[in-house]
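Below: one structure, written as structure tokens.
Values in this text are rule-based calculations from the coordinates and carry no lab data. Predicted model only: the values in this text are computed from it and were never measured. Counting neighbours? That spans all protein chains shown, and the Cβs are built from the backbone with ideal geometry, glycine included.
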Amino acid sequence: MASAVDFVVLDIETAGGSWREFPVGFNLLFVGVRRGSDYSVYTNEPASLAELAATLRDFPGVVVTYNGNRFDIPIIDHTLKTRLEQPLAVKRHYDMLEAIQAKSGRRVRLDDVSYNTLGAQKAPWGDHRDNARVWAQEPERFIEYNRIDLDLTHDLFRRVLRGEPLFLGFATVTLDPP
């Protein structure tokens, strides 16, 4: 049975960066957010970042990510501190990858768990080193790519809320909801 949890799904897209200096050097291009059937895109412009920061700070429900603790959240936090001189504030965060890893003992790509569980995959993408150019020249293409990740994470999280299993290819797990 699904619990009545208000949630948003968040996914970022970046350009550049080096894991040796993470999150420094990662350029936040935009943040995609899905709440119910509504989508929002926040760019790295100060006004848009301020709106994102306020939205996340004031959101009473759960912010859901896939690998957010290791990627999305630190990059957003670093960007907000650098551009707006304020840290990211989120009341409740649920990282699906972290929950899967805790249950299965392994990190599993979103593409793998979504294919095995939902029969759906992420959109094909070329070279991520080309992200800045694609964002500048074809933003609608990049937003659609991001929206698919949001949808996959959203659908997987709804399964978590209903107590339904996720199929990882090598194991089946049922995650504890937030």
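May I ask you to say which residue of VAL9, VAL24 is surrounded by fewer than 16 Cβ atoms within 10 Å (Cβ to Cβ), at negative phi and not in a helix (DSSP H, G or I)?
It is VAL24.
Out of the residues in the range 119-178 that are touching a residue at least 40 places away in the same chain (Cβ under 8 Å), in contact with a Leu (Cβ under 9 Å, 6 or more places away or on another chain) and of a type in the set (D, E, K, R), state the one that is surrounded by the most Cβ atoms within 10 Å (Cβ to Cβ).
Among those that are touching a residue at least 40 places away in the same chain (Cβ under 8 Å), in contact with a Leu (Cβ under 9 Å, 6 or more places away or on another chain) and of a type in the set (D, E, K, R), it is ASP149.
Results for (1) closer than 22 Å to PRO178 by Cα; (2) of a type outside the set (D, E, K, R); (3) in contact with a Ser or Thr (Cβ under 6 Å, 6 or more places away or on another chain), shown as yes or no for each residue.
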position: ALA4; (1), (2), (3): yes, yes, no
position: ILE12; (1), (2), (3): yes, yes, no
position: GLY17; (1), (2), (3): no, yes, no
position: GLU21; (1), (2), (3): no, no, no
position: VAL24; (1), (2), (3): no, yes, no
position: PHE30; (1), (2), (3): no, yes, yes
position: ARG35; (1), (2), (3): yes, no, no
position: TYR42; (1), (2), (3): no, yes, yes
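Within the range 37-51, does at least one residue satisfy the condition of being in contact with a strand residue (DSSP E or B) (Cβ under 7 Å, 6 or more places away or on another chain), free of Cβ contacts under 8 Å to residues at least 12 places away in the same chain and assigned to a helix (DSSP H, G or I)?
Yes; the residues of the range 37-51 include at least one that is in contact with a strand residue (DSSP E or B) (Cβ under 7 Å, 6 or more places away or on another chain), free of Cβ contacts under 8 Å to residues at least 12 places away in the same chain and assigned to a helix (DSSP H, G or I).
Anything in the range 116-156 that is closer than 18 Å to VAL173 by Cβ and in contact with a helix residue (DSSP H, G or I) (Cβ under 9 Å, 6 or more places away or on another chain)? List them, or say none.
THR117, LEU118, LEU152, THR153, ASP155, LEU156
Considering every residue within the range 73-89, establish whether at least one is charged (D, E, K, R), part of a helix (DSSP H, G or I) and either touching a strand residue (DSSP E or B) at 6+ places or on another chain (Cβ under 6 Å) or exposed (fewer than 15 other Cβ atoms within 10 Å of the Cβ) (or both). Give the derivation first.
Of all residues in the range 73-89, those charged (D, E, K, R) come to 77, 81, 83, 85.
Then drop every residue that is not part of a helix (DSSP H, G or I), which leaves 77, 81, 83.
Then keep just the ones that are either touching a strand residue (DSSP E or B) at 6+ places or on another chain (Cβ under 6 Å) or exposed (fewer than 15 other Cβ atoms within 10 Å of the Cβ) (or both); that gives 81.
The answer is yes; a qualifying residue exists.
Within the range 138-178, track down each residue that is among the hydrophobic types (A, V, I, L, M, F, W, C) and in a helix (DSSP H, G or I).
First, pick out the residues of the range 138-178 that are among the hydrophobic types (A, V, I, L, M, F, W, C): 142-143, 148, 150, 152, 156-157, 160-161, 166-168, 170-171, 173, 175.
Listed by number, the residues that qualify are PHE142, ILE143, ILE148, LEU150, LEU152, LEU156, PHE157, VAL160, LEU161.
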